[in-house]
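Worksheet: the structure to be examined is printed underneath.
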Amino acid sequence: MVLIKLFLAFLKIGTFTFGGGYAMIAMIQAEAERQGWLTGEELVDFVALSESTPGPLAVNMATFVGMRTGGVLGAIIATLGIVLSSFVIILIIAKCFERYQKSKAVGGIMSGLKPAVAGMIGAAFISVAGTVLFPAGVSVSVFSSAGFWIFLGIFAVTTVLAFKKVHPIKIILLSAVIGIGAGYGFGL
Amino acid sequence: MIPLIQKEVCENKKWLSEKDISDIVAISESTPGPIAINAATFVGYKTSGFPGACMATLGVVLPSFLIISIISMILTQFQSIRAVRYAFMGIRAAVLALILKALWMMFNQVKKKKKPFSYAIMGLSLLLTAFLKIDAAFVIIGCGLFGLIWSMLNRKEQSNGTD
């Protein structure tokens, strides 16, 4: 039963995501929370690991969630789910692709989809920020904890590096080193 | 990944021309699903039909699949180590930064169009998915339809204007 749910969830995610992995995060989070597959923090960790391993982010995420919820079979099913609709749609388009590309309808649909995807990445940012900044909910005591400010510091540094086009793997490695240093240094 | 595909497919194997590659990238970006999968399926199909599409897709998925499976199996054991927990604390902050960067890049693409319509869709999509928790699939369908209708209405107005 969990295998069918995994397949359907990732089939849906693969069918309705445009333009790469980050737009997918909001959707994976919604599905994973609805089914109780992952906590918000696990999801963020998976995003980091998927980003620091080779291969498409979406496929990596699917394999991860599948493996965690349904073992090896789950991983295969989830990966199949995320690939299937891409595969079928591309096969269909490959046959009539000149027409598809010049079609004004496709241009119109894309003019609505691109901003929608931007909005969804915004939603992913808000939900991930909530998960990692306030894991136990927003309260005054959060702002007096060292962890919160260390976190903001790492976020500020890595944001600058990301905008300077430093490779994501380097950024993730650096953040891990700072995390270890700060963790032991402040005895968190 | 696209520059890698280009180098391998055009320069090394000479399966496709540069023009084909730019078409494939455009199509891969405007169809659902991961761009790398779309591009692999397309290149495979163009080169040797359906079996080619299957093999290319399998090829692009397989390394990810194996690596992630192994990591996922050993991750649980590592998570009990204190240093690993601290490392992930730092990494979570970095992920937030990477998402912010992706958001900025998408926002710039929207900004280029300089259309109030695009900003409205962006705000609406953010509101619906982040705060009202509407299913992202419905938001995508709705925004796609909205874009289609909007562009059709605009075209009608333009053609009326020239008559």
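We did not get these values from a lab; they are worked out from the coordinates using the rules stated. All figures in this text were calculated on a predicted structure; none of them were measured in a lab. Note: ideal-geometry Cβ built from the backbone for every residue, glycine included; neighbour counts use all protein chains shown.
The figures follow:
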item: As computed over segment B:1-78, the Cα convex hull volume per residue (Å³); result: 104 Å³
item: For segment A:65-90 versus segment A:102-119, the gap between their alpha-carbon centres in whole angstrom; result: 27 Å
item: Residue-count net charge about A:His167 - beta-carbon cut-off 15 Å; Lys, Arg +1, Asp, Glu -1; result: +3
item: Angstrom value of the Kirkwood radius, inverse mean 1/r, which spans all Cα pairs in the protein assembly as shown; result: 21.2 Å
item: Relative contact order computed over chain A (Cα-Cα under 8 Å; 6+ residues apart), in percent; result: 25 percent
item: Virtual spin-label span in nm between B:Ser17 and A:Val177, 7 Å along Cα→Cβ; result: 4.8 nm
item: Per-residue HN-Hα couplings for segment A:33-38 [Karplus 6.51, -1.76, 1.60; θ = phi - 60°; Hz; x = Gly/Pro]; result: 6, 4, 8, x, 7, 9
item: Principal axis dimensions, largest first and in whole angstrom, of chain B by Cα; result: 71, 47, 25
item: Whole-Hz couplings from phi, Karplus 6.51/-1.76/1.60, listed for segment A:172-185; x for Gly and Pro; result: 5, 4, 4, 5, 5, 5, 4, x, 5, x, 5, x, 6, x
item: Centroid-to-centroid separation of segment B:99-125 and segment A:146-188 [C-alpha atoms, Å]; result: 27 Å
item: Theoretical ellipticity at 222 nm over chain A - DSSP helices of four or more residues, -39500 (n - 2.57) apiece, nearest 500; result: -28000 deg cm²/dmol
item: Contact order normalised by residue count of segment B:25-105, Cα under 8 Å, 6+ apart, percent; result: 14 percent
item: For segment B:115-163, diffusion coefficient by Stokes-Einstein and Kirkwood Rh (Cα), 25 °C, 0.890 mPa s, µm²/s; result: 205 µm²/s
item: Dipole in debye (nearest 20) - the protein assembly as shown, about Cα centre, beta carbon charges: Lys, Arg +1; Asp, Glu -1; result: 600 debye
item: Overall Cα dimensions of chain A, principal axis frame, Å, largest first; result: 60, 40, 31
item: Pairwise label distance in nanometres, B:Gln109 with B:Leu153, each label 7 Å out on the Cα-Cβ vector; result: 2.5 nm
